[in-house]
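Note sheet for the following structure.
Since every read-out is calculated from the coordinates, none of them should be taken as a lab result. Because the structure is predicted, anything quoted here is derived from the model rather than measured. Using ideal geometry, Cβ is built from the backbone for each residue, glycine included, and neighbour counts are taken over all protein chains shown.
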């Protein structure tokens, strides 16, 4: 398996601020990129997927992909205490039914 | 997002017994499902890839005779932990792959917390 790297954190941001989560991957052939949110004791929840270079926005979330730099990020605008969770970056080599390769996750803490 | 269910959500069993965990895709058909295990404060670890109608593909170090996987239909995969021991106590999570456009996305079930006494 190829590596997906994330800063483990914790990343602490004040309520209302922008949280920026970063991820790098080593497999240059990767085609599919995902961000999952995992609350303590719960299973991961898919919040964003991105497949082409550039930005993709969905509500307060923006995913950014730069394949040349092998870098994918997630921005959370107007952070809320309920956003406090571990954010998992996941990468897949294909578009199809192949396993995801997960990073170890970044723990985000939004302070009220 | 797509809905994936798991049953049971929590199970406590005695050492030496077998435990079956069911994973269902409720609103879509999933030709491929994945089984993961997660120990406290650790990363998700892929155990196996389950394909409907064929044998599962196990990751290195996962005993296929201990963790039996059956994917008999497009909406159901089961994981049976045979002769469970305390070291098998963990959070077991399945995911199902759904086609969206020309890409497949994985959606996770809520997980099953197994405690072996």
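GNM on chain A, alpha-carbon springs under 10 angstrom: the most fluctuating residue among A:12, A:30, A:43 is A:43.
When the Kirkwood radius is taken over all Cα pairs of the protein assembly as shown, what Stokes-Einstein diffusion coefficient follows at 4 °C and 1.567 mPa s, in µm²/s? Don't skip to the answer; put the middle values down first.
Numbers: Rh = 18.2 Å.
Approximately 71 µm²/s, per Stokes-Einstein.
Using the 2.2 N^0.38 Å rule of thumb for compact globular proteins, work out how chain B stacks up: its C-alpha Rg over that value, please.
Scaled against compact globular proteins, the figure is 1.01.
Spin-label model, residue A:20/residue A:60: points 7 Å from Cα along the beta carbon direction are separated by 1.9 nm.
Approximating the spin labels as points 7 Å out from Cα along Cα→Cβ, the residue B:52-to-residue A:98 distance works out to 2.3 nm. Using the Cβ-Cβ distance between residue B:10 and residue B:60 with R0 = 25 Å, the FRET efficiency computed as 1/(1 + (r/R0)^6) comes to roughly 0.30.
Per q in 0.23 1/Å, what log10 I(q)/I(0) does a Debye calculation on the alpha-carbon atoms of chain A return? The calculated log intensity ratios at q = 0.23 Å⁻¹ are -1.32. Over the C-alpha atoms of segment A:72-112, the Rg to Rh ratio, Rh being the Kirkwood estimate, stands at 1.10.
The distance linking segment A:71-94 with segment B:46-60 is 28 Å (Cα centroid to Cα centroid, whole angstrom). Mean per-residue shielding of peptide A:11-17 is 0, counting Cβ atoms of other chains within 10 Å of each Cβ. Within segment A:1-67, the ratio Rg/Rh, alpha carbon atoms throughout and Rh by Kirkwood, equals 0.96. Rg/Rh for segment B:71-116 (Cα atoms only, Rh after Kirkwood) is 1.10.
Each Cα pair under 8 Å and six or more residues apart adds its sequence gap; the mean of these over the residue count of chain B is a relative contact order of 36 percent. Each peptide in B:8-14, B:41-47, A:21-27 was scored by the mean count of other Cβ atoms within 10 Å over its residues; highest first, the order is A:21-27, B:41-47, B:8-14. Mean-square fluctuation check for chain B, GNM, Cα pairs under 10 Å: which of B:38, B:106, B:60 is largest? Checking each option, the largest mean-square fluctuation is seen for B:60.
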